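Structure first, then comments.
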Amino acid sequence: MNIVSHCQAKTSGDDGGHSRITWVRTHWARITESFWFCLSFVLFLLMGPFSAIVVLIGLGSLASEENRERMKEPARL
């Protein structure tokens, strides 16, 4: 009878508040900051030299004839 109660006390899951969920909650800011740093670093490495192509396409779309017609110059003073 004594052995059964000892085994149940061991498997109760009460570890004094040091569960993984509480650890994640207390360190959530550090975890998310590390995630975003790693993600932005990997994207920078992947798109670094090729991001100029995307910028040139964006500038080309801004300089298209349709956008030029919609833009108006301010009146001279």
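The values are calculated or read from the model by the stated rules, or taken from the named source; none is laboratory data. A quick note: this is a predicted structure, and the numbers were derived from the prediction, not measured. Here Cβ is always computed from backbone atoms with ideal geometry, including for glycine, and neighbour counts include all displayed protein chains.
Each residue in the stretch 40-53 was checked for being in a helix (DSSP H, G or I) and loosely packed, with under 10 Cβ neighbours inside 10 Å, and 1 pass.
In the stretch 1-39, how many residues are part of a helix (DSSP H, G or I), modelled with pLDDT of 85 or more and not polar (S, T, N, Q)?
Our first condition is that a residue be part of a helix (DSSP H, G or I); within the stretch 1-39, this holds for 2-10, 20-26, 28-39.
Okay, now just the ones that are also modelled with pLDDT of 85 or more, so 20-26, 28-39.
Subsequent filtering for residues that are not polar (S, T, N, Q) retains 20-21, 23-25, 28-31, 33, 35-39.
Looking only at that region, the number is 15.
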